[in-house]
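A.B. asks: Below is the structure I would like to discuss, written out as structure tokens.
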Amino acid sequence: MSGKYASDPTWASVEPIPLNDGSETGTLPLATIAYSDEYLEATSYLRAVMAANEMSDRALKLTDDVIAMNPAHYTVWHYRVKNLFALKKDLTEEFEWLNKMSLKYLKNYQIWHHRQVLMSSRENFPTLPPNELDFLMKMFKQDAKNYHVWTYRHWLVRHFRLWDEPREIQDVDLLLSQDVRNNSAWNHRFMLRFGPRSDEPDGGMPNSTAPPPEKGRLAVVDEDLVDAELEYAKAKVIKAPENRSPWGFARGVLRASGRPLSEWKDFAKKFVQDKVEDGKVVDVEVKSSHAVEWLADTYGEEGELATAEAVRMFTLLKEKYDPIRKNYWDYRIRMIAPATWSQEIPTSA
């Protein structure tokens, strides 16, 4: 084999291990991958040093080359971490290199797992590095809904216990001011305000192991915080009534605080206005289908006296505002009005 590594005296002591795709034993692969000669050579030397469990500067440099050619090669990332820790390398330099890789490969999972593994080292990072959140915001400028970056940021909050760190909520506010439909930012806000204060990843659900109706409820409720967050959500709903995110956020806040949906009943009615002539509803002006669903659920919670109104709201959703989920709305109608759900139900009463 000839190439970059074969001609380098640094690697003279290493016997490369070539790729074994089964052809040497007479079993031809169903589909071969057209690797470049450079990649085949680099990975043959990678197999050799990994087999020898070598921890060295040359091995670390080799991982640079392989990652540059294939950043999704998860095995080489694991080997790189082992080298970094074994050689007690300056992880600040590693992060500088990693930042460049992150901006180049925005959707690469291995990069963010590597970052988390490095940041997990309490010896190197007893506290959050001062520039870490700045870099995450730089990533969000490229893609404000990048799943890998948000997952990593959730982990940072748990790892460094940042729930009440002012910068966290400030960044969320900024991102939502830029795009009120950023569901990832709404999710992060809920986790900061109402998520469990532990290091364990459990989806951000308070009392996640408790049975209904306690599941999702906070053990201790800060009523002022709840009021403030509901007002925040209202302001965002007014800005974009058909945006599901703040409606969902408000549902989560009410559930966490043990409050009923009816608390937002009057607010939801502002987006669902009946047109009345001669004392009869002749039409409905709907500015938000999510408000219709909210009212349907609210009426459903109020019992038999409000059943007809709940059915009317569900029918509006079924026939006009969310027909793609017609079967689901039929199911909801059947649950609250089994005797009438299959009949033709008018959209106005």
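A.B. asks: Of the conditions (1) open to solvent by 30 Å² or more (accessible area, probe 1.4 Å); (2) under 28 Å from Lys145 (Cα atoms); (3) of a type outside the set (Gly, Ala, Ser); (4) modelled with pLDDT under 95, Phe194 satisfies every one except a single condition; which number is it?
C.D. replies: Exception for Phe194: condition (1).
A.B. asks: Same structure, new question: Does the range 212-233 contain any residue that is buried (at least 16 other Cβ atoms within 10 Å of the Cβ), over 21 Å from the mean Cα position of the chain (by Cα) and among the charged types (D, E, K, R)?
C.D. replies: Looking through the range 212-233, at least one residue is buried (at least 16 other Cβ atoms within 10 Å of the Cβ), over 21 Å from the mean Cα position of the chain (by Cα) and among the charged types (D, E, K, R).
A.B. asks: I'd like to check something: does the range 82-92 contain any residue that is exposed (fewer than 13 other Cβ atoms within 10 Å of the Cβ) and modelled with pLDDT under 95?
C.D. replies: Yes, because at least one residue in the range 82-92 is exposed (fewer than 13 other Cβ atoms within 10 Å of the Cβ) and modelled with pLDDT under 95.
A.B. asks: Now for a different question. Among the candidates Ala59, Ala42, Ala48, single out the residue that is without any contact (Cβ under 8 Å) to a residue 40 or more places away in the chain, buried (at least 19 other Cβ atoms within 10 Å of the Cβ) and touching a Pro at 6+ places or on another chain (Cβ under 6 Å). Talk me through it step by step, then tell me what you get.
C.D. replies: Details: Ala59 fails: touching a Pro at 6+ places or on another chain (Cβ under 6 Å); Ala42 fails: touching a Pro at 6+ places or on another chain (Cβ under 6 Å).
Exactly one residue qualifies, and that residue is Ala48.
A.B. asks: Also, I was wondering about something else. Can you name the helices (runs of 4 or more DSSP H) wholly within the range 267-338 that have at least 1 residues being at pLDDT 90 or above and in contact with a strand residue (DSSP E or B) (Cβ under 7 Å, 6 or more places away or on another chain)?
C.D. replies: In the range 267-338, 289-301, 307-316 are the helices (runs of 4 or more DSSP H) which contain 1 or more residues that are at pLDDT 90 or above and in contact with a strand residue (DSSP E or B) (Cβ under 7 Å, 6 or more places away or on another chain).
A.B. asks: Any chance the range 96-114 includes a residue that's part of a helix (DSSP H, G or I), buried (at least 17 other Cβ atoms within 10 Å of the Cβ) and of a type in the set (D, E, K, R)?
C.D. replies: no
A.B. asks: Here is a further query. How about the range 139-154: which of its residues are assigned to a helix (DSSP H, G or I) and more than 11 Å from the chain's Cα centre (by Cα)?
C.D. replies: Taking the range 139-154 first, the residues assigned to a helix (DSSP H, G or I) are 139-142, 147-154.
Met139, Phe140, Lys141, Gln142, listed by residue number.
A.B. asks: Just checking, does the range 270-288 include any residue being polar (S, T, N, Q) and surrounded by fewer than 14 Cβ atoms within 10 Å (Cβ to Cβ)?
C.D. replies: We begin by selecting, within the range 270-288, every residue polar (S, T, N, Q); these are 273, 288.
Now narrow it down to the ones that are surrounded by fewer than 14 Cβ atoms within 10 Å (Cβ to Cβ): 273.
Yes, the range 270-288 contains at least one residue that is polar (S, T, N, Q) and surrounded by fewer than 14 Cβ atoms within 10 Å (Cβ to Cβ).
A.B. asks: From (1) part of a loop (DSSP other than H, G, I, E, B); (2) of a type outside the set (Phe, Trp, Tyr); (3) without any contact (Cβ under 8 Å) to a residue 12 or more places away in the chain; (4) open to solvent by less than 80 Å² (accessible area, probe 1.4 Å), pick out the condition that doesn't hold for Pro130.
C.D. replies: (4)
A.B. asks: How about the range 115-127: which of its residues are among the charged types (D, E, K, R) and either open to solvent by 20 Å² or more (accessible area, probe 1.4 Å) or touching a residue at least 60 places away in the same chain (Cβ under 8 Å) (or both)?
C.D. replies: Correct list: Arg122, Glu123.
A.B. asks: Pairs please, first residue from the range 158-176 and assigned to a helix (DSSP H, G or I), second anywhere and among the aromatic types (Phe, Trp, Tyr) and open to solvent by less than 60 Å² (accessible area, probe 1.4 Å), Cβ atoms under 6 Å, 6+ apart in sequence or on different chains.
C.D. replies: Sorted first by the residue in the range 158-176, then by its partner, the list stays empty.
The values are calculated or read from the model by the stated rules, or taken from the named source; none is laboratory data. Everything quoted here is computed from the prediction, not taken from an experiment. Cβ: placed from backbone, ideal geometry, glycine included. Neighbour counts: every protein chain shown. The protein model used for the area step is the full one, side chains on, heavy atoms only, and it has no ligands, DNA or RNA in it. Shrake-Rupley method; radii C 1.70, N 1.55, O 1.52, S 1.80 Å.
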